[in-house]
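The values are calculated or read from the model by the stated rules, or taken from the named source; none is laboratory data. Only a predicted model underlies this, so the values are computations on that prediction, with no experimental measurement involved. So basically every Cβ, Gly included, is an ideal-geometry build from the backbone, and we count neighbours across all protein chains shown. Protein only, heavy atoms only, side chains kept; ligands, DNA and RNA dropped before computing areas. Shrake-Rupley method; radii C 1.70, N 1.55, O 1.52, S 1.80 Å.
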Amino acid sequence: MLELLAQADQSVDGLKAVGAGLGYGLAAIGPGIGIGIVVASAIEAMARQPEAAGTARTTMFLGIAFTEALALIGFVVFILLNFA
Amino acid sequence: MTATHPDPAMSLEPDTFTPESDIARDMARRLLVASPVFVVTCGIFWGANGVSSSGFALGLVALNFLAAAGLMTWGARISPEALMGAVMFGYILRLAVITIAVLLVKDFDWVDIVPLGLTLAVAHLGVLIWETRHVSGSLAYPGLKPAPKKSSFASDQEAERP
């Protein structure tokens, strides 16, 4: 009986690790797509209006950092689930 | 112009024009200003381990911003395609570096994973929101300059004017 409980405990830990890993991976996909859209739009804006490149690049940098925060939150959830 | 793109209309700005680096430096300065709040708060709840973990996380956030800006400036100097590549691969690279850095230190005695994770997320978002408020107020001056900087050539001309 104790062996069975130990095995169940181990599989819960394993499932937790798999879930955390999957969650981190999924949390990184969304920002990847988002950053692609942000940069593509900024480059298009710079090509259309080169004189506004400063504003476009400033906004692009902040947009990328905001989008990346989602991936960082996913990473934080991953480490908290796995190692806390 | 130092851009190597074949179409001059698509070339980006000169080497001296680096709004990303200006913003990243400004964010690092703000992070330095806000760091006592994070360190003291983590110290109160998690003790000495909280202080060291929080400091490590703050360093990671500052390095992340500076690396992002550096890569973007480097890409923008070459061509729009290089900018796209630098941003996308930079994203993967920086995420990998943060992951490896945290996984390397997680078993050390001075590390507590909860304050480290919380500081990482809250500091990143907090400084970003702070910076965005500042940039929103000064979007007329990209690069966060409070007033347009006069070149030495312009000031010479002004001095010669009667």
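Table: residues versus (1) within 17 Å of A:GLU68 (Cα to Cα); (2) among the hydrophobic types (A, V, I, L, M, F, W, C); (3) touching a residue at least 60 places away in the same chain (Cβ under 8 Å).
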| position | (1), (2), (3) |
| --- | --- |
| B:ARG29 | no, no, no |
| B:LEU32 | no, yes, no |
| B:ILE44 | no, yes, no |
| B:LEU58 | yes, yes, yes |
| B:GLY75 | no, no, no |
| B:SER79 | no, no, yes |
| B:PHE89 | yes, yes, no |
| B:ALA96 | yes, yes, no |
| B:TRP110 | no, yes, yes |
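Residues checked against (1) open to solvent by 50 Å² or more (accessible area, probe 1.4 Å); (2) part of a helix (DSSP H, G or I):
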{"residue": "B:MET27", "(1), (2)": "no, yes"}
{"residue": "B:VAL39", "(1), (2)": "no, yes"}
{"residue": "B:TRP46", "(1), (2)": "yes, yes"}
{"residue": "B:GLY59", "(1), (2)": "no, yes"}
{"residue": "B:LEU63", "(1), (2)": "yes, yes"}
{"residue": "B:ALA82", "(1), (2)": "no, yes"}
{"residue": "B:ARG94", "(1), (2)": "no, yes"}
{"residue": "B:VAL102", "(1), (2)": "no, yes"}
{"residue": "B:PHE108", "(1), (2)": "yes, no"}
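Only residues that are among the aliphatic types (A, V, I, L, M) and within 29 Å of A:PHE78 (Cβ to Cβ): list them for the range A:43-65, please.
A:MET60, A:LEU62, A:ILE64, A:ALA65
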Review point. Residue check, B:THR119 against (1) open to solvent by less than 40 Å² (accessible area, probe 1.4 Å); (2) over 22 Å from B:SER21 (Cα atoms); (3) at the interface with another protein chain (Cβ under 9 Å from one of its Cβ atoms), all met but one. Which one?
Key: (3)
Review point. Taking the condition surrounded by fewer than 19 Cβ atoms within 10 Å (Cβ to Cβ) and of a type outside the set (S, T, N, Q), does B:ILE78 pass?
Key: yes
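Matching residues to (1) at the interface with chain B (Cβ under 9 Å from one of its Cβ atoms); (2) in contact with a Gly (Cβ under 8 Å, 6 or more places away or on another chain); (3) touching a residue at least 12 places away in the same chain (Cβ under 8 Å); (4) part of a helix (DSSP H, G or I):
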position: A:GLY23; (1), (2), (3), (4): no, yes, yes, yes
position: A:LEU26; (1), (2), (3), (4): no, yes, yes, yes
position: A:ILE33; (1), (2), (3), (4): no, no, no, yes
position: A:GLY36; (1), (2), (3), (4): yes, no, no, yes
position: A:MET46; (1), (2), (3), (4): yes, no, no, yes
position: A:ARG57; (1), (2), (3), (4): yes, no, yes, yes
position: A:GLY63; (1), (2), (3), (4): no, no, yes, yes
position: A:PHE78; (1), (2), (3), (4): yes, yes, yes, yes
position: A:LEU81; (1), (2), (3), (4): no, yes, yes, yes
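Determine, yes or no, whether B:PHE89 is within 12 Å of chain A (Cβ to nearest Cβ), over 17 Å from A:ILE79 (Cβ atoms) and surrounded by 15 or more Cβ atoms within 10 Å (Cβ to Cβ). Spell out the reasoning first.
Numbers: within 12 Å of chain A (Cβ to nearest Cβ): yes; over 17 Å from A:ILE79 (Cβ atoms): yes; surrounded by 15 or more Cβ atoms within 10 Å (Cβ to Cβ): no.
Answer is no for this residue.
When you scan the range A:1-51, how many residues do you find that are open to solvent by 30 Å² or more (accessible area, probe 1.4 Å) and either acidic (Asp, Glu) or over 12 Å from the mean Cα position of the chain (by Cα) (or both)? Don't jump to the end; show me each part of the working.
Let us first name the residues in the range A:1-51 that are open to solvent by 30 Å² or more (accessible area, probe 1.4 Å), namely A:1-19, A:21-26, A:29-30, A:33, A:37-38, A:40-41, A:44-45, A:47-51.
Still in the list and also either acidic (Asp, Glu) or over 12 Å from the mean Cα position of the chain (by Cα) (or both): A:1-19, A:37-38, A:40-41, A:44-45, A:47-51.
Total meeting the criteria: 30.
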